[in-house]
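Just so you know, all these numbers are worked out from the coordinates, no wet-lab data involved. Just so it is clear, the model here is predicted, and its values are computed rather than measured. Virtual Cβ from ideal backbone geometry, glycine too; neighbours counted across all protein chains shown.
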Amino acid sequence: MLPIKRAARMSSAEQGWYCGRMILTLIALEFIFRSCIPVPKKIKENKKLIGEYKMKVIAMSHATFASFGALYAILSDSHLKSQTWAVLTFSSKEIDSLFVHPAGAFASRILTSITTAFFFWELLHLANWASTSNLDRISMIMHHFISIALWPASCKNRIAHFFLIHFEFSEISSPFLHLRWFARNFSWTPQTDLFVSALFASTFFFFRSSIVIPMLRAAFITNPLNASAYPFLNLAERIISVISLPLPFLLNALWTYQIVLMIYKTIRRLDKKKNNTSQTSSNGIHKVS
């Protein structure tokens, strides 16, 4: 592989704008959380649910903004579009330079500065997170910490823009995940709950699970460990890059397993409920007879 050139690192002014967007996002998120989200009467007396409700509203809004912002970036940039097609079709064309290609640099700086601030803000409000399993909580906390540490550094060094854009786009399934919380806590009908869960699972499988293998392949081909191809990266940067680049896709694989497990448990629960209903009806018929 020939040495690959990349654009100069972010200037001091660009770094200042990046940090400024993060600070403004943090301030805006806290203001919205405290003052701008009306609380439904049903949960006004439940302080814990109020916190969870506000977090879910903000998380849904962020996921929608991030995913559609990334989608716009991909569709409006011919390089990003062709690179994405090359990755998804397992082509080798254009993949060599994915790690340092400047396509999507502006969009990734905008989106990651806002998302990094959002992740930091979520960690500050850890007490308001909805109840989940320990595995879910630990994996999400690790995801947030790693993103906060590495995404701004990637933008500063002008590397991995393609991957950052796709990390942002993968949030497209998250609004349906948060809607499941509303279905459970606002007494939506079981059918609606099932429909929302199906929407979440299908969007996750289509937009996240399906790209795990092609994206891992792309990360392997770009190979940040190759010193001759990336002479501008020091050893520590190459090691961090090669370890961190596949992590979001491996995390998606873990979440895919958990969703499959959720679907299996749901089907088992519905079958059990159906069998109990049939048995009750049968017993009623025997009694009448």
- Query: Where does the charge balance sit around Lys54 when Lys and Arg score +1, Asp and Glu -1, over other residues with C-beta under 13 Å from its C-beta?
  - Reply: +2
- Task: Would you calculate, for the chain, the mean residue ellipticity at 222 nm contributed by helices, counting each DSSP H stretch of 4 or more residues as -39,500 (n - 2.57) and dividing by all residues, to the nearest 500?
- Result: -24500 deg cm²/dmol
- With springs only between Cα atoms under 10 Å, which of Glu30, Glu237, Glu45 fluctuates most in a Gaussian network model of the chain? Glu45
- Specify the angular offset, from 0 to 90 degrees and rounded to the nearest 10, of the alpha carbon long axis of helix 174-185 from the longest principal axis of the alpha carbons in the chain. 20 degrees
- Query: With a ≥ b ≥ c the root eigenvalues of the C-alpha gyration tensor of the range 168-245, is it rounded (a/c under 1.5), prolate (a/b larger than b/c) or oblate?
  - Reply: prolate
- Order the peptides 18-26, 218-226, 108-116 from the highest to the lowest mean number of other Cβ atoms within 10 Å of their residues. 108-116, 218-226, 18-26
- Task: Subtracting the Cα-Cα distance from 0.36 nm times the residue separation, let me have the gained length for Ile263 to Leu24 in nm, one decimal.
- Result: 82.1 nm
- Task: Tell me which residues come under 5 Å, amide H to amide H, from Leu245 once H is placed; ignore anything under 5 positions away on its chain.
- Result: none
- Item | Global form of the range 150-201, assessed from the alpha-carbon gyration tensor, a/c cut-off 1.5 | prolate
- Message: Output the 0 to 90 degree angle, nearest 10, between the alpha-carbon long axis of helix 235-244 and the longest principal axis computed from the alpha carbons of the chain.
- Response: 20 degrees
- Message: For a 32 Å ceiling on Cα separation, which of these pairs sit above it: Lys54/Lys274; Lys44/Lys272; Lys81/Lys156; Lys47/Lys274; Lys56/Lys273?
- Response: Lys54/Lys274; Lys44/Lys272; Lys47/Lys274
- Task: Note the angle between two axes, namely the Cα long axis of helix 247-288 and the longest principal axis of the Cα atoms of the chain, as a number of degrees from 0 to 90, rounded to the nearest 10.
- Result: 10 degrees
- Packing-ranked peptide list from 174-187, 52-65, 156-169, 125-138, highest mean Cβ count within 10 angstrom first, is 156-169, 52-65, 174-187, 125-138
- Query: What list of ³J(HN,Hα) values in whole Hz, one per residue of the range 61-66 in order, does the Karplus curve 6.51 cos²θ - 1.76 cosθ + 1.60 (θ = phi - 60°) give from phi, with Gly and Pro shown as x?
  - Reply: 5, 5, 4, 5, 4, 5
- Item | In order through the range 82-88: 3J(HN,Hα) via Karplus (6.51 cos²θ - 1.76 cosθ + 1.60), integer Hz, x for Gly, Pro | 5, 5, 4, 5, 4, 5, 5
- Query: Under the Karplus relation 6.51 cos²θ - 1.76 cosθ + 1.60, θ = phi - 60°, what is the ordered set of whole-Hz ³J(HN,Hα) values for the range 73-78, x standing for Gly and Pro?
  - Reply: 4, 5, 6, 8, 10, 4
- Report the FRET efficiency, 1/(1 + (r/R0)^6), for Phe186 and Phe68, where r is their Cβ-Cβ distance and R0 is 30 Å, rounded to 0.05. 0.75
- Query: Across every pair of different alpha-carbon atoms, what Kirkwood hydrodynamic radius in Å does the chain reach?
  - Reply: 21.1 Å
